[in-house]
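S.K.: After the structure tokens below, expect a handful of questions from me.
Read-outs: derived from the displayed coordinates by stated rules, not from any lab. These numbers come from a predicted model, not from an experiment. Cβ placement follows ideal geometry from the backbone for every residue including glycine, while neighbour counts extend to all protein chains displayed.
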Amino acid sequence: MNILHSFNKSQSTTLLINTLCIVLWILPYVLQQALIVPTEITIFGFSIVTVSNPLLCISTQIVAAIIIFVWVSIFVFSKYTNTISYLQINLMMLSASSWQAAQIFGSHTIATVLVLIALLYMLSLDTNDNSVKILNVLIMLILSSIFCVYFLWLIPVFLLGMIVLEGVKAKSIVLVLLVITVSAISIVGYAYLFDGIDTVKEYFMSISDFKTVEYSIEYVLNNAIFFSSIIFFVASISIYSLTQRDFNLRTKYIITFLIIIWIFLTLYILIFANGSNIFSLLHTIITSLFVSLNFLDYRSKQRNTVFVIFISLIFVCYMLRFAVGLLKYL
């Protein structure tokens, strides 16, 4: 059986897999082996929407994830590979259903969407005048920081990506400085107008309030899919390096940028406790996009074998996370 062909091209397989993922997603909560986190949207740290109803919380998380994954698969992935495949959404759903941190809906979810829009603008950078695109990238990143301050750390990452994709240009540097200055003045003006200078200042200063991860068996089991994804991502880089001749120079630059983002997200999650919740959804998306590149060729028997191992590992990670709930009752 060519499992890669089914994951890439079969609508029925995709429907079956995603239905299974939804069941696996809900199961730990139904069996009360996972805590349902209230859905909360904040701006500058102020809560504007909070949903505590368990059914509504889970439904919001699942629906939001599916919409984001479908949008990424259709518009982001095909943007730089010119390939239509169901593989990306299948991998993202499998990963998300195994990683509880990626299932938490909140302000960081909206921030993630804004970052993905910024990513889409980044992918469209070309040799022509990119001023409007760079402007949109920075606006999306700054808006994301209003919902979740830690997304400010992605601005230097994207600036590095601009250098990779279009080189160093004086016009771009001036535009970046101008946008950041105007944004800072606008935020200060907003805070002054609504008498919240101190609150907004405290909110943005909290970006340096680091809390490092305290590793434990429970933490490792709950995040097993994250640690496993690191291994497969590194392996995927090796596979990609052997097959990158299949992609044009532009695609290689874009993939280099995705690798830069992935390295930042991985290091942040490994070091800081808040990273596992804040950046988990974005990490799942970037990892799935890159790993899927190496499995688009479903004719290869070797890749089919590796893919079966990969999928099996995802289910093992799910069972390890599921075991955490059982351990609490022992």
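S.K.: Using the eigenvalues of the Cα gyration tensor, what equivalent ellipsoid semi-axes result for segment 1-79 when each is taken as the square root of five times the eigenvalue, whole Å, largest first? Kindly include the intermediate steps, with their values, before the conclusion.
M.R.: Details: eigenvalues 179, 73, 13 Å².
Working from the Cα gyration tensor, I get semi-axes of 30, 19, 8 Å.
S.K.: So what's the back-of-envelope 222 nm ellipticity for the chain, counting only DSSP H runs of four-plus at -39500 (n - 2.57) apiece and dividing by all residues, rounded to 500? Walk me through the intermediate numbers first.
M.R.: On the way: 16 runs with 235 residues, N = 330.
Result for the chain: -23000 deg cm²/dmol, rounded to the nearest 500.
S.K.: Same structure, new question: Could you work out the relative contact order of segment 35-95? I mean the mean sequence separation of Cα pairs under 8 Å and 6+ apart, divided by the number of residues, in percent.
M.R.: Computed over segment 35-95, the figure is 22 percent.
S.K.: While we're on this one: Let me spell out the model: positive unit charges on the Cβ of Lys and Arg, negative unit charges on the Cβ of Asp and Glu, origin at the Cα centre of segment 241-323. What dipole size does that give, in debye rounded to 20?
M.R.: Its charge dipole is roughly 220 debye.
S.K.: Sticking with the crude label model, points 7 Å out along Cα→Cβ, report the distance from THR251 to SER52 in nm, one decimal please.
M.R.: So the label points at THR251 and SER52 sit 5.1 nm apart.
S.K.: With just the Cα atoms defining each centre, how far is segment 59-121 from segment 208-225? Give it in Å.
M.R.: Computed from Cα coordinates, the inter-centre distance equals 23 Å.
S.K.: Can you list which of the chymotrypsin sites (Phe, Trp or Tyr not before Pro) found in segment 125-206 are DSSP loop residues with at most 13 other C-beta atoms within 10 Å?
M.R.: Counting only loop positions with at most 13 other Cβ atoms within 10 Å, the chymotrypsin sites (Phe, Trp or Tyr not before Pro) in segment 125-206 are PHE194.
S.K.: If the chain between ILE74 and LEU27 were fully stretched, how many nm would it gain, using 0.36 nm times the residue separation less the Cα-Cα distance?
M.R.: 14.1 nm
S.K.: Just report the Cα centroid separation between segment 307-325 and segment 9-56, whole Å.
M.R.: 18
S.K.: Size of the dipole of the chain about the Cα centre, Lys and Arg at +1 and Asp and Glu at -1 on the beta carbon, nothing else charged, in debye to 20? Don't skip to the end; give the middle numbers.
M.R.: Values: 15 positive and 12 negative charges, 199 e Å.
With only Lys, Arg, Asp and Glu charged at Cβ, the dipole is about 960 debye.
S.K.: Continuing with the same structure: Of the listed pairs LYS252/LYS301; LYS169/LYS252; LYS201/LYS252; LYS171/LYS252; LYS133/LYS252, which have alpha-carbon separations greater than 31 Å here?
M.R.: Those over the limit are LYS201/LYS252.
S.K.: Among ASN223, ILE197, TRP153, pick out the residue whose Cα is farthest towards the positive end of the charge dipole of the chain, where Lys and Arg carry +1 and Asp and Glu carry -1 on C-beta, about the Cα centre.
M.R.: ASN223
S.K.: Then there is this: Pick out which of ASN90, ASN136, ASN223 has the largest mean-square fluctuation in a Gaussian network model of the chain, springs linking Cα atoms closer than 10 Å.
M.R.: ASN136
S.K.: From Cα pairs below 8 angstrom and at least 6 apart in sequence, can you work out the relative contact order of the chain, rounded to a whole percent?
M.R.: 25 percent.
S.K.: Now, a different point. Given charges of +1 on the Cβ of Lys and Arg and -1 on the Cβ of Asp and Glu, with all other atoms neutral, how large is the dipole of segment 173-330 about its Cα centre, in debye to the nearest 20?
M.R.: 800
S.K.: Among the complete DSSP H segments of the chain, which ones combine at least 27 Å of alpha-carbon extent along their axis with a mean Kyte-Doolittle hydropathy of -0.5 or more?
M.R.: Membrane-span-like by this rule: 11-30, 170-193, 224-243, 249-271, 301-327.
S.K.: Rounded, prolate or oblate: which fits segment 64-209 when a ≥ b ≥ c are the square roots of the eigenvalues of the alpha-carbon gyration tensor, with rounded for a/c under 1.5 and prolate only if a/b beats b/c?
M.R.: Since a/c reaches 1.5 but b/c is at least a/b, the shape of segment 64-209 is classed as oblate.
S.K.: Then there is this: Any idea which of GLN302, ILE66, ILE269 is furthest toward the positive side of the dipole for the chain, if Lys and Arg beta-carbons carry +1 and Asp and Glu beta-carbons -1?
M.R.: Going by the charge dipole, the pick is GLN302.
S.K.: With percent of Cα pairs over 34 Å apart in mind, check (i) 25; (ii) 37; (iii) 71 and report the label derived from this structure.
M.R.: It is the one labelled (i).
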